[in-house]
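Data first, discussion second: the structure below is written as structure tokens.
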Amino acid sequence: MNTQAQDQFIEDFLLVSENDYQTYLDLTSTVKREGVLKTSEKIQSQFEDWITELADKEEARGNEYGSLLLKQLLIGWGSDSFYKIAKRFEVA
């Protein structure tokens, strides 16, 4: 998958991650310590867990539509997207 939507997702994710000082430090140190692939897997897992948790809360509130929409829009970007995100935190 390499689409305009995927590219936008990556850029949006990086915009937030690179502009939050603690997140930036955490990700650069994790990449340095564990490598890009392992870090990308962690980022993907954490992100998808957050979205699933939000979606589950919406469903519990009776908002099944909102739950399905969150999952559809925000889960499924593929490991390649998160690899590209982690790669950006690789410091030479």
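The values are calculated or read from the model by the stated rules, or taken from the named source; none is laboratory data. Source: prediction; values computed, not measured. Using ideal geometry, Cβ is built from the backbone for each residue, glycine included, and neighbour counts are taken over all protein chains shown.
Is it the case that the range 43-64 has a residue that's in contact (Cβ under 8 Å) with a residue 24 or more places away in the chain and touching a Phe, Trp or Tyr at 6+ places or on another chain (Cβ under 6 Å)? Lay out the reasoning, then the answer.
Start the filter on the range 43-64 by keeping residues that are in contact (Cβ under 8 Å) with a residue 24 or more places away in the chain, which leaves 43-44, 47-48, 51.
Then drop every residue that is not touching a Phe, Trp or Tyr at 6+ places or on another chain (Cβ under 6 Å), which leaves 43-44.
Yes, the conditions are met somewhere in the range 43-64.
Only residues in the range 1-24 that are among the charged types (D, E, K, R) count as the first member; pair them with residues that are modelled with pLDDT of 95 or more, Cβ under 7 angstrom, at least 6 apart or cross-chain, and list the lot.
E18/Y24
If you go through the range 72-91, how many residues are in contact with a helix residue (DSSP H, G or I) (Cβ under 7 Å, 6 or more places away or on another chain) and either among the hydrophobic types (A, V, I, L, M, F, W, C) or at pLDDT below 95 (or both)?
Of the residues in the range 72-91, 8 are in contact with a helix residue (DSSP H, G or I) (Cβ under 7 Å, 6 or more places away or on another chain) and either among the hydrophobic types (A, V, I, L, M, F, W, C) or at pLDDT below 95 (or both).
What single numbered condition from (1) of a type outside the set (D, E, K, R); (2) in a helix (DSSP H, G or I); (3) within 19 Å of I10 (Cβ to Cβ) fails to hold for L54?
So L54 meets the others, but not (3).
Within the range 57-66, is even one residue touching a Lys or Arg at 6+ places or on another chain (Cβ under 8 Å), surrounded by 13 or more Cβ atoms within 10 Å (Cβ to Cβ) and part of a helix (DSSP H, G or I)?
no
Being hydrophobic (A, V, I, L, M, F, W, C), assigned to a helix (DSSP H, G or I) and either out of contact with any Ser or Thr (no Cβ under 9 Å at 6 or more places or on another chain) or surrounded by fewer than 17 Cβ atoms within 10 Å (Cβ to Cβ) (or both) narrows it down to one residue among L27, L37; which is it?
Of the residues listed, the single one that is hydrophobic (A, V, I, L, M, F, W, C), assigned to a helix (DSSP H, G or I) and either out of contact with any Ser or Thr (no Cβ under 9 Å at 6 or more places or on another chain) or surrounded by fewer than 17 Cβ atoms within 10 Å (Cβ to Cβ) (or both) is L37.
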